[in-house]
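Colleague: There's a structure below that I have some questions on.
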Amino acid sequence: RISRYKLNRLLTAASIRPVHRSGKTIYFDENEAREAVRDRLGRESAAISLVTLADRTGVSAAVLARKVRQGCISTTGQAIHAVDASEAERIGEVVQSLHSPRESLEALGICRLHSRGRTGEEVAAWDICRLIKVAEPLTQLQRRRLFKQVAWLCEGAGRRRLLYALQCYLLSYYRSLGHDRNLTREAQTLLSVLSHLPTEFASYRNRVALLASGASEVYGTTEELRSLARAAGLYSEASYGVLRAQIDESIADLLTGKRIPLSLGPSEPVTRSSGSLYTEDDFVRGAVIVCIKDQKAEVGLILRVEQQAWNSIVCGWKKTVVVRFAQEERRINPHTRTNNAQQRPHMMVLLRAAETNAVLHLMRDRLRAEQRTGEFLRASERQAS
């Protein structure tokens, strides 16, 4: 007994898709659509306005409206800002936790606050290592409550300082490689934190998903990459760590980019054996390579091999491969030999074709697992409310 426009809006909001279309007639599953519409109407009828929510939580309506624009608060989608009962209860828990002497981020040592204005507060610093250490022993529900506080304080100066703290943590991550065996588990915990933050952290989610997959340890522990860095003039551990950070960031952007056509085959474990999969040559289609030029790393994916021949005089390959880098496609000969050391290309294969496929599988599995966990916890909270 509602208009067709409102019914369509309710079905769209409830994520109910049609099962058949015939011209302008749209068919839905009767039982599923009826239950979804009833549930959605019940949520909208029990929704409260931001003004009422401000009276309950003690937070001004202007601050709540800003949180809505930032994506920290989900509304029912009506013309006015209305929040359903489960969302209002969640916001109340977050505000209460932020002022708790035991459960607040400041009490746990995760962040440091200083007063701003008469009654406001601003994040002065974040401690990512402390955040991971506190979150690791918690359950999924307890982690979600903790990460909600992080998302609530991630605005303005707090967001800029969180980005800076995240960059510092990632640089320190590479200094600990080879000394700490729990880095992959820490990266998985950090990925759970980033899944609650705004879309501005999407690039960091892809990068941490790469670390959580263990791919960085596959090529990072090889002496070949360190020798390549020394040949390019990078001798110190600090410069090598910066190079590793550049490589991982480029690989994450490359594998998750929409312009790179990757066909997924069956997944295989990400392991690097002592012997080469291709004893004669590793520069084949699907391999990820790195070129170091002017002490900066360029990562590319080999799309195809155009020419390939064995040069018996120099006992080496002579070939041309098409490589897709971040900004352009280039044709290069990875086995070029010159007498000038400065013009000699410094490049190597980071991930072979099978390893690239396995890493891409693991990254997508990590991201989808976090998304499914978040959806399940949100549905559980809504049902309990």
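The values are calculated or read from the model by the stated rules, or taken from the named source; none is laboratory data. Given the structure is predicted, the values throughout are model-derived calculations rather than measurements. Cβ atoms come from the backbone with ideal geometry, glycine included; neighbour counts cover every protein chain shown. SASA here: full protein model, heavy atoms, side chains in, ligands and nucleic acids out. Shrake-Rupley method; radii C 1.70, N 1.55, O 1.52, S 1.80 Å.
Colleague: Tell me which of Phe28, Ser74, Ser60 sits at the most positive position along the dipole axis of the range 24-121, charges placed on C-beta atoms (Lys, Arg +1; Asp, Glu -1).
Modeller: So the residue we want is Ser60.
Colleague: Dipole size in debye (nearest 20) for the range 1-105 around its Cα centre, Lys and Arg Cβ +1, Asp and Glu Cβ -1? Intermediate values should be presented prior to the final figure.
Modeller: Numbers: 17 positive and 12 negative charges, 113 e Å.
My answer is approximately 540 debye.
Colleague: While we're here: Based on the Cα atoms of the range 1-48, what semi-axes does the equivalent ellipsoid have, where each is the square root of 5 times one gyration tensor eigenvalue, given in whole Å with the largest first?
Modeller: After scaling each eigenvalue by five and taking roots: 21, 11, 8 Å.
Colleague: Over all distinct Cα pairs, what is the inverse of the mean 1/r for the range 51-113, reported as the Kirkwood hydrodynamic radius in Å?
Modeller: Value: 12.6 Å, from the Cα pair sum.
Colleague: From the protein chains alone at 1.4 Å, what is the descending order of accessible area for Ser22, Ser213, Ser250, largest first?
Modeller: Ser22, Ser250, Ser213
Colleague: Moving on to the next point. Across 5 Å bins from 0, what is the distribution of all Cα-Cα pair distances for the range 109-213, in whole percents?
Modeller: 2, 12, 23, 26, 19, 11, 4, 2, 1, 0
Colleague: OK, next. About the Cα centre of the range 88-201, what is the dipole size in debye to 20, counting +1 per Lys and Arg Cβ and -1 per Asp and Glu Cβ, all else neutral?
Modeller: Once rounded to the nearest 20, the dipole reads 100 debye.
Colleague: Need one number: the % of Cα-Cα pairs in the range 32-80 sitting beyond the 13 Å mark.
Modeller: That fraction is 63 percent.
Colleague: With all protein chains present, calculate the accessible area of Lys318 using a 1.4 Å probe and round the result to the nearest 10 Å².
Modeller: Its accessible surface works out to 130 Å², give or take rounding.
Colleague: Evaluate Rg over Rh across the range 1-109, taking Cα atoms for both radii and Kirkwood's formula for Rh.
Modeller: Over the Cα atoms of the range 1-109, Rg/Rh equals 1.12.
Colleague: Another one. Taking the Cα centre of the range 1-52 as origin and charging only Cβ (+1 Lys, Arg; -1 Asp, Glu), how large is the dipole, in debye to the nearest 20?
Modeller: Numbers: 11 positive and 6 negative charges, 59 e Å.
For this selection, approximately 280 debye.
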